[in-house]
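Bear in mind that the values in this text are calculations on the coordinates, not laboratory data. Computed from a predicted model, the values in this text were never measured in an experiment. Here Cβ is always computed from backbone atoms with ideal geometry, including for glycine, and neighbour counts include all displayed protein chains.
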Amino acid sequence: MERLFAKISINTLNLENRFVRSATWEGLATAEGAPTPRLVEMMGDLAAGGVGLIITSHSFVHPAGRATPRQLAVDRDECVPPLREMTQEVHRRGGKIACQLAHAGRFADTGTSGHPPWSVSDDGGGGRVMTHEDLDILCRSFAAAAARAKEARFDAVQIHSAHGYLLSQFLSPLFNRRKDEYGGGIENRARIHQEIIAAVRSAVGEDFPILVKINGGDHIEGGLTMEEAAAAARMMEEAGVDAVEVSGGLITGGRLSPSRTRIDSPEKEAYFRKEAKAIKEVLRIPVILVGGIRSPLVAADVLASGEADLISMSRPFIREPRLVERWRKGDATPARCVSDNLCFRPALEGKGVFCVTALREGSV
Ligand SMILES: Cc1cc2nc3c(=O)[nH]c(=O)nc-3n(C[C@H](O)[C@H](O)[C@H](O)COP(=O)(O)O)c2cc1C
C-alpha cells in the first residue's frame with residue numbers, strides 16, 4: 001500500500017502519489033470548447049480528493065478532429081484564458097493537471113466540427129485521406145496546442161494515441177493501409193508520432209512533461225499487437241516522451257472496448273496489465289496503467305510486480321472523486337464503481353457525466 005503513496009517524478013513534474021485520473025470526457029464544455037464552472041469545480045474536487053495527477057478530457061487540437069459536442073478545445077489562442085481558470089482552481093486545491101491533446105480522425109463528429117473526417121488511408125470507411133500537407137498541419141496543430149496548454153499553466157500534456165482515434169489509427173494495421181513512409185511496418189506507422197513528439201518538444205521546451213496514451217493492443221483481429229505497441233512505445237521514448245499510459249481496445253470494440261463492463265472481482269481488474277508489463281520491459285520512462293483497476297490491493301500488486309509505475313482510473317473517480325483520500329485514510333474497500341458504463345449517458349445527453357447508479361441507489 002505504501003508504494004501507492006510514494007512520490008514520483010515525470011520529467012520536472014513532481015507527484016505526491018501514484019494515482020492518475022485518466023482522461024474522461026465529461027461533456028461539460030461550452031459550445032466554444034471552454035470549461036464551464038461545473039467542470040472547473042469538478043477538477044478542483046478531484047484535486048482536493050488527493051489524486052496525484054488529473055488528465056483532462058480529450059481536447060481537440062484542430063477543428064476537424066472534434067469528436068463530440070461539449071468537448072474541450074485547445075485549437076485557438078482564445079482557449080487559453082478559460083483553461084487557465086481551470087488550472088488555477090486545481091493548483092489552488094493542491095493538485096496537478098495535464099491537458100490531453102487529441103484528434104478524433106475518422107471518429108470526428110462532422111455535424112459539430114463542420115469538416116469532413118480525416119482518414120489515415122482509404123480503408124473503405126470513408127473520410128478524407130490525409131495528404132502530406134495534412135500531416136504537416138497535424139504536427140503543427142499538436143505543437144501549437146501544447147504551447148497553449150503550457151501558457152494556460154497546465155503541468156503537462158498528454159498526446160492521445162489510444163482507443164481508435166487518429167493517432168491510434170496510424171498505429172493500427174486495420175486503419176493504416178498507407179503505401180508511403182507512414183504505412184507498412186510499425187517503424188513507419190509510428191513515424192507521425194515521432195514527428196509530433198519532436199514538434200511538441202520544440203514548442204514546450206526540454207523541461208515540460210510530455211505524456212502519451214497508447215493502446216497496448218487493439219483487441220480486435222488484424223489490429224495493433226502487443227509486440228508492435230511495445231516497439232512503438234520505444235520509438236516514442238526515443239523521440240522524447242516522458243511517460244506512457246497503457247490502455248487498449250477501440251471505442252467501437254464492444255465487450256473489449258477500453259472501458260470494459262462488470263469488473264466485479266480482483267481477477268477481472270487491471271485488464272491491460274500484461275500489455276503494460278511488455279511495454280515497461282522496453283522503456284526507462286514511467287509507465288501508467290489504466291483499465292478496470294478497482295482495489296488498492298490489485299493496484300499495489302501492479303506496482304510491486306513492476307508492471308507499471310502509476311495507476312490510472314476513470315470511472316471510479318466519477319462516482320468517488322475523493323477515492324484516493326479514502327484509501328489513504330485506511331479504508332481499503334474497493335472503488336464503489338460497478339463498471340456498468342451508465343455514466344456515458346448523461347454526458348451524451350448534455351447533462352454532464354455523473355454516476356447514474358449512485359443516483360439510483362440514493363448514495364449521492
Ligand atoms: C465517460 C468516459 C469518458 C472517457 N473519455 C476519455 C477521453 O476523453 N480520453 C481518453 O483517453 N479516454 C477516455 N475514457 C477512457 C478512460 O480514460 C479509461 O481508459 C477507461 O475508462 C478504463 O479505465 P476505468 O476502468 O478506470 O474506467 C473515457 C471513459 C469514460 C467512462
So what is the 222 nm mean residue ellipticity for the chain from helices alone, if each DSSP H run of at least 4 adds -39500 (n - 2.57) and you divide by all residues, rounding to the nearest 500 deg cm²/dmol?
-10000 deg cm²/dmol
Using the 2.2 N^0.38 Å rule of thumb for compact globular proteins, work out how the range 174-244 stacks up: its C-alpha Rg over that value, please.
1.15
For the chain, would you read off the P(r) tail past 37 Å as a percentage of all alpha carbon pairs?
10 percent
Quick check: net charge around Phe142, other residues with Cβ under 12 Å of its Cβ, Lys/Arg +1 and Asp/Glu -1?
0
Going through the range 308-361, which trypsin sites (Lys or Arg not before Pro) have at most 10 other Cβ atoms within 10 Å and a DSSP loop state?
Lys329
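Across every pair of different alpha-carbon atoms, what Kirkwood hydrodynamic radius in Å does the range 135-262 reach?
14.8 Å
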Sequence-separation-based contact order of the chain, relative, with Cα cut under 8 Å and 6+ spacing, percent:
16 percent
What is the order of Asp331, Asp155, fewest Cβ neighbours within 10 Å to most?
Asp331, Asp155
Longest DSSP-loop-exposure-free segment, GluC sites (Glu not before Pro), the chain, at most 15 other Cβ within 10 Å
33-180
Ordered by number, the trypsin sites (Lys or Arg not before Pro) in the range 1-41 that occupy a DSSP loop and have at most 14 other Cβ atoms within 10 Å are Lys7
Determine the relative contact order of the range 294-344: mean sequence separation of Cα pairs under 8 Å and six or more apart, normalised by residue count, in whole percent.
45 percent
